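J.: Handing you a structure now.
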Amino acid sequence: MGAAMFNEPSQPLHPTDAVLSKARFYPHFLEDAEKPACMLVLPGGGYSGVSHQEGPPVAAWFNSMGIAAAVLEYTVNRVDEPEPELYPQPQQQALYAMRYLRANADELNIDPNRIGVIGFSAGGHLCACTSQGFDRADWLLDPDGTLGDTSARPDASILSYAVLSASDFMHVGSFKNLLGPDVTKEQAEALGWEKHINPNSPPTFLWHTAADAGVPVENTYLMAMGLQANGTPHEVHVFPEGAHGLGLVSIGNRRQPGTDQWRALAENWLMRLGF
């Protein structure tokens with residue numbers, strides 16, 4: 001995928017690679033800015049779909065702050081097009097997207113030292129995979145041999161009501177869609193991130209609602225405790241009200257007074273990091 005090819009709303013993450021070509025990449029770059037920061041956006045959907053409301057609207061929100069963005073529509077286990085061997089395709093796609101952005105930063109007019117990632121729900125799990133598993137050799141694909149030593153480590157990570165834990169608070173559906181219906185506790189726990197914090201994990205912002213009946217708020221509490229034990233800088237916000245999947249908390253039945261503060265809090269956090 002060359003930067004000069006961005007003449008369509010989206011395109012395959014890679015033109016020919018068997019895994020990467022299944023993902024689609026939606027650029028939301030800023031042509032009139034001078035090397036802005038960039039955020040990779042990973043929508044949720046339980047690893048069985050990709051939520052539109054957690055994709056382009058989020059990229060537009062970043063653009064409004066002067067931050068470039070790119071939405072990754074990663075491969076999922078769709079009911080009509082099952083992927084019995086889904087794992088680790090989404091992880092490989094997300095890490096490739098991070099490295100692609102960094103390796104092509106000059107051409108894309110972004111700052112290679114200010115590239116973050118945000119994920120929602122199951123996309124939050126993929127965000128954690130990217131933020132904690134960025135150095136896993138089995139997740140690093142380089143079909144053209146062009147990425148060399150380019151790091152997949154994000155410079156910032158935002159986990160939004162994320163699927164994070166394989167404990168008693170596990171979101172079973174997401175793990176089954178990712179790892180298969182016969183997933184074992186050991187397989188799931190290998191991707192339960194509160195117990196596998198990377199020593200070099202990036203600064204992390206987490207938010208959730210205590211009333212979330214889809215993904216229990218304990219996912220965020222446990223992850224924050226893991227980050228604290230690791231010494232990873234982090235900021236956590238738990239709001240009392242709001243259903244699962246609020247996204248930007250800005251439209252229709254997703255409006256939730258109080259919980260909509262997360263956007264301003266996250267923006268301030270990013271600004272303090274230099275984004």
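J.: For the stretch 59-110, name all the residues that are closer than 23 Å to Tyr47 by Cβ, of a type in the set (A, V, I, L, M, F, W, C) and modelled with pLDDT of 95 or more.
T.: Result: Ala59, Ala69, Ala70, Val71, Leu72, Val76, Leu86, Ala94, Leu95, Ala97, Met98, Leu101.
J.: Under 6 Å between Cβ atoms, which residue pairs at least 6 apart in sequence (or on different chains) link something in the stretch 110-122 that is free of Cβ contacts under 8 Å to residues at least 12 places away in the same chain with a partner that is surrounded by fewer than 24 Cβ atoms within 10 Å (Cβ to Cβ) and basic (Lys, Arg)?
T.: Cβ pairs passing all conditions: Pro112/Arg102.
J.: Scan the stretch 78-114 residue by residue and report those that are over 22 Å from Gly133 (Cβ atoms), part of a helix (DSSP H, G or I) and of a type in the set (D, E, K, R).
T.: Asp106, Glu107
J.: Let me ask another. Which condition does Thr75 not pass, out of (1) under 19 Å from Gly180 (Cβ atoms); (2) part of a loop (DSSP other than H, G, I, E, B); (3) touching a residue at least 60 places away in the same chain (Cβ under 8 Å); (4) within 17 Å of the chain's Cα centre (by Cα), if it passes all the others?
T.: So Thr75 meets the others, but not (3).
J.: Still on this structure, I have one more. Looking only at the stretch 217-263, filter to residues that are of a type in the set (Gly, Ala, Ser) and modelled with pLDDT under 95; which one of those is surrounded by the fewest Cβ atoms within 10 Å (Cβ to Cβ)? Explain how you work it out, then say what you get.
T.: Narrowing the stretch 217-263 to residues of a type in the set (Gly, Ala, Ser): 224, 226, 229, 231, 242-243, 245, 247, 250, 252, 258.
Cutting the leftovers down to modelled with pLDDT under 95 gives us 242-243, 245, 247, 250, 252, 258.
Working: Gly242: 23, Ala243: 15, Gly245: 19, Gly247: 21, Ser250: 14, Gly252: 6, Gly258: 12.
Checking each candidate, the answer is Gly252.
J.: For the subset of the stretch 198-216 comprising residues that are hydrophobic (A, V, I, L, M, F, W, C) and surrounded by 20 or more Cβ atoms within 10 Å (Cβ to Cβ), which member is nearest to Ala266 (Cα to Cα)?
T.: Phe205
J.: Sticking with this structure for a sec: Do you know which residues across the stretch 34-71 are β-branched (Val, Ile, Thr) and under 27 Å from Leu86 (Cβ atoms)?
T.: The answer is Val41, Val50, Val58, Val71.
One line per residue, one yes/no per condition, for (1) touching a Phe, Trp or Tyr at 6+ places or on another chain (Cβ under 9 Å); (2) on the phi > 0 side of the Ramachandran plot; (3) of a type outside the set (S, T, N, Q):
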site	(1), (2), (3)
Ser48	no, no, no
Ala59	yes, no, yes
Val71	yes, no, yes
Val117	no, no, yes
Gly123	yes, no, yes
Ala128	yes, no, yes
Ser131	yes, no, no
Thr150	yes, no, no
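The values are calculated or read from the model by the stated rules, or taken from the named source; none is laboratory data. If you're wondering where the values come from, they're calculated on a predicted model, not measured in any experiment. Positions of Cβ are backbone-derived with ideal geometry, glycine not excepted, and every protein chain shown enters the neighbour counts.
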